[in-house]
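To keep things clear, I will list the structure first and then write my remarks on it.
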Amino acid sequence: MSTMSDRYTPAEIEARWRQKWEAEGIYELDDERPGKRFYWLTMLPYPSGDLHIGHWYAMVPSDAGARFKRMTGHNVFFPIGFDAFGLPAENAAIKRNIHPREWTYANIERMRGQLKSMGAMFAWRNEVITCEPEYYKWNQWIFRKLFDMGLAYREFAPVDFCPSCNTTLAREQVVGEARLCERCDTPVVKKELNQWKLRITRYAEELLDFSGLEWPEAVRVMQTNWIGRSEGVEFEMAVEGSGQAIRVYTTRPDTIFGITFCVLSPEHPLVEELAAPAQREAVRAYREQARNRSEVERMSEARECDGVFTGAYARHPFTGKPVPIWIADYVLMGYGTGAIMAVPAHDSRDFTFAGRYRLPIVPVVRPAEEVRPGEGVRPADGARPVDAARPAAAVPGGDGAAGGAGLPYTEKEGSAMFESGPFSGLVWPESFRAVAEALEKKGTGQRSVKYRLRDWLISRQRMWGTPIPIVYCKACGTVPVPYEQLPVRLPDDAVYKPTGESPLKYHEGFLRTACPACGGPAERETDTMDTFVCSSWYMYAYLSPYWKRGQRLAPADTPWEPERGRQWLPIDQYTGGIEHAIMHLLYLRFFAYALADAGALPLRAPVRRLFNQGIILGEDNEKMSKSRGNVVNPDDIVARYGADAVRLYLMFIGPWDQGGPWNPQGIEGVVRFLHDIWYLIVRPGPAAAPANAARATELRRAVHRTLKRAGEDYQSFKYNTLIAALMVLRNQLKTCRAETEGSPAWEEAIDTLLLMMAPLAPYATEELWQRRHRGASIHVQPWPRCDPALATEARVTVIVQVNGKVRDRIELPLGTPADRMQAAALEQPKVRDALGKLAVRKVIAVENKLVNIVAG
RNA sequence: GCGAGAGUGGCGGAACCGGCAGACGCGCUGGAUUUAGGUUCCAGUACCCUCGGGUGUGGGGGUUCGAGUCCCCCCUCUCGCACCA
């Protein structure tokens, strides 16, 4: 200590304290530590090999929040781990002819060091690596559990396939209108395959319930839209000349009298049967075309809705009139019943379709105020037989001219039915209810709720993932691997070839097994699980990593120590990127429901409070990417300025949820700030001026004002304004140093400043704290107490306006009553000047703020 | 098209419930120190101006004693969803 330099040398200081904290384990999980338990979580990183500035931006402010929480008396658990399965490892393995594990663990090794340089209070002893068999055995256990509960099933169906990643994807992993792979931006293709899915749709309704969750509005809205609940009516329409009926689904039963045709999805099972002999060939050709249509074609902007008449007619449920049945690929088999009633006057897609094939357009709802009482009480004439094979002009009454301006009219709020028989005049939502009830009474329809959410496809044709614990036996069929035989391990000697196929398919040792049911020869499932399975429950695993290591698993187990779960769950604060709004955050909630129903999890809402940080952009305000050459390497900046400066700067840039561009010059400001604090403490000040009591009191007020502000800003993650407030205090300390240094006020100011800064700049504050106090770490100190009397000013500056323009300012004691303020204001010479000859009409006085004199 | 969010100096951004617009920082300008550059320190920095003041928060209207903030209309940008019946 005697040779201690007075220079600020972050590299030396940071290495020293990092070592000390680690040796003392001050950040590790400790059930016995006093204080209310608080589980603070940042999303676990993928071990890509290099820590990106984006990782810093995600984790550093999160760490600051966790540290503040600890200072305010909480027993904080802030774990970290690695989401270690995934395709990049496999690609690297092929390229270098090594095992993906080698690549992955080398990256983890490197990233651990980088993560540690951040100076975060991670509880490293609870680290979890998801590609460990002791971790993924629980993925398999959970899969098995879901299988037993009927929540995991295998289905042969059209699925999205990424030709570049050579694997199928979940619906959530297909992005945007162009339908690109979420990982590699390649357009996905449709394939029909046998795939394992998790029945997330069973929880659709519950997933819409966010009550009690402090989650950002944006996430709640996105998830709600993704789940896409709609309330409608499903009803039967008899098909003429056959015993069959088609079931259609609509959310607009009030427009039912406007039906002019029906549309089945090309894949609808009844199509073949219904098609009239004359139309059979056209129907078959269209189905063929729809099946082969590539995604690109389907999405091309020039594409219009097309379809083919089947030659069959359905009967309108109320009028009994025949309605032509078409097939068209704008109707999807995967939603509703795969069949619709088409009301072109009140649905834009039906409208386009009707326009193209010149089908009639019959309006039956319009704004309520435009519907005259008693209008159109006779049954509508909307559904006329149409010989769609001939041009519409030749169809009696089928010239589509009934439409006119203002169509399609799709508004439902405030709309009323007309020309709809007994329903005419009914206004939404009465109109919905009345038609729905009528259909229900007939016995051919019932109200029905549909969701856009699809089941989660988890099969991946990749090797570096959790093997799906299923065996296929010629005799017994699909057999789940028994709990006690888990884990099904990945082979260590798989051969990686650039064929794009999973090596598991050719690994005899893995593939060939004995059927758990009959003992006969059987084959293992070679698909692995989506890595989002790992991240759907890792937060519980952190509590007791690799629980039941080396032990046999049983159905009644819990993948983590149950007592720990009861003590520490739910996660009190979760932070991470908004890009996970749908996938990870939806799967996580689904898993919580499923695990709770399995009796494994003691709660259904796993995350109480969520915060999404923004994205840090390159200097050019663009997303960082190697191709743009605007990537900021945190290691370089740490080497130059120290981790504390990088931490401070990332939090100073702007609101955390906003992200923003990295300005390489901007960091200088926080570097100066750190230097200023450093030299205020370690170097003797200027020759002391006589101690000044008034200055000292002023300083104390500033300190407590800042303390109040800092506490508030920490809680709402407003680090940018928090740091600005600390800088203001720094400026004041520099100004008043000569007159206050050495006084109790000065000492209080310095200690308080260090404590307020500790969560932001853990290294420098620890070093300075230890130089002043020697002993327990600054990071186990309590948050300083704020004196509210000092935090508020005794006197306030009141502005005086004349007709809304500022003319003067007056200093008044806090809480001066309005009439006294008014009197004081009117006495000011400047105010008198400004008033001149004007007569005072009115005076508005707002306590502690302003006086506005209205004159004219 | 639907949904969400955002438009404030040269730049990042402040501004609680409607009450001094531009805190804090970067950059820039001038000065001091320095052989020079850098560092550091001091002063200045929204715009216009006849130095009294005037104008300013994407544009236009409105409410109010008073609007960046509230209401209506419009424009621009970012994100999410998009044949979901």
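Any read-out appearing in this document is the output of simple, stated calculations on the displayed coordinates, not a laboratory observation. Here the structure is a predicted model, which means the values were calculated and not measured. Neighbour counts run over all protein chains shown; Cβ positions are idealised from the backbone, glycine included.
Tabulated results
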{"quantity": "Net dipole in debye of region A:621-672 [+1 Lys, Arg Cβ; -1 Asp, Glu Cβ; about Cα centre; nearest 20]", "calculated": "120"}
{"quantity": "Gain in span if fully extended, A:E411 to A:I799, counting 0.36 nm per residue against the direct Cα distance", "calculated": "134.5 nm"}
{"quantity": "Virtual spin-label span in nm between A:D597 and A:K191, 7 Å along Cα→Cβ", "calculated": "3.0"}
{"quantity": "Dipole moment magnitude, nearest 20 debye, chain A about Cα centre, only Lys, Arg, Asp, Glu C-beta charged", "calculated": "1180"}
{"quantity": "Contact order normalised by residue count of chain A, Cα under 8 Å, 6+ apart, percent", "calculated": "14"}
{"quantity": "Cα gyration tensor category, rounded, prolate or oblate, for chain A with a/c compared to 1.5", "calculated": "oblate"}
{"quantity": "Virtual spin-label span in nm between A:A157 and A:Q19, 7 Å along Cα→Cβ", "calculated": "5.8"}
{"quantity": "Value of relative contact order over region A:708-846, rounded to a whole percent, pairs C-alpha under 8 Å and six or more apart", "calculated": "13"}
{"quantity": "Cleavage-rule hits (chymotrypsin sites (Phe, Trp or Tyr not before Pro)) in region A:616-712: DSSP loop, at most 15 neighbouring Cβ within 10 angstrom", "calculated": "none"}
{"quantity": "Average Cα contact separation per residue, region A:793-855, under 8 Å, 6 or more apart, as relative contact order %", "calculated": "41"}
{"quantity": "R0 of 45 Å, Cβ-Cβ distance A:N663-A:K830: FRET efficiency to nearest 0.05", "calculated": "0.60"}
{"quantity": "Nitroxide proxy distance, nm - points 7 Å out along Cα→Cβ at A:E217 and A:R291", "calculated": "4.9"}
{"quantity": "Charge dipole (debye, nearest 20) of region A:793-855; +1 at Cβ of Lys and Arg, -1 at Cβ of Asp and Glu", "calculated": "300"}
{"quantity": "Region A:736-758 residues near the modelled A:A693 label - backbone nitrogen below 16 Å, point 7 Å along Cα→Cβ", "calculated": "A:740, A:743-746"}
{"quantity": "Folded to 0 to 90 degrees: helix A:280-292 orientation relative to chain A principal axis, Cα", "calculated": "20"}
{"quantity": "Gain upon complete extension [A:D306, A:K505; 0.36 nm per residue less C-alpha separation]", "calculated": "67.5 nm"}
{"quantity": "Length added when fully stretched, A:I98-A:E231, from 0.36 nm per residue minus Cα-Cα", "calculated": "42.5 nm"}
{"quantity": "Longest exposed-site-free window of chain A, the sites being GluC sites (Glu not before Pro) in a DSSP loop that have at most 10 other C-beta atoms within 10 Å", "calculated": "A:414-856"}
{"quantity": "Charge dipole of chain A about the Cα centre (unit charges at C-beta), most positive-ward option of A:N852, A:A157, A:T721", "calculated": "A:N852"}
{"quantity": "Rounded if a/c under 1.5, otherwise prolate or oblate - region A:504-627, Cα gyration tensor axes", "calculated": "oblate"}
{"quantity": "Percentage, to the nearest whole number, of Cα pairs in region A:614-660 over 12 Å apart", "calculated": "64"}
{"quantity": "Kirkwood hydrodynamic radius over Cα pairs of region A:658-790, then Stokes diffusion coefficient at 37 °C and 0.692 mPa s, in µm²/s", "calculated": "211"}
{"quantity": "Residue among A:V671, A:G614, A:Y46 farthest towards the positive dipole end of chain A, charges placed on Cβ", "calculated": "A:V671"}
{"quantity": "Förster radius 45 Å - calculated FRET efficiency between A:T251 and A:T721, Cβ distance, rounded to 0.05", "calculated": "0.45"}
{"quantity": "Dipole axis of chain A (+1 Lys, Arg; -1 Asp, Glu on Cβ), positive-most option in A:P570, A:P422, A:V221", "calculated": "A:P570"}
{"quantity": "Hypothetical label at A:A11: residues of region A:632-649 whose amide nitrogen lies under 13 Å (7 Å Cα-Cβ projection)", "calculated": "A:636-643"}
{"quantity": "Helix-only mean residue ellipticity at 222 nm for chain A, each DSSP H run of n ≥ 4 adding -39500 (n - 2.57), per residue, nearest 500", "calculated": "-10500 deg cm²/dmol"}
{"quantity": "Residue-wise HN-Hα coupling along region A:96-106, computed from phi with Karplus coefficients 6.51, -1.76, 1.60 (Hz; x: Gly, Pro)", "calculated": "9, 6, 10, 7, x, 5, 4, 4, 4, 6, 5"}
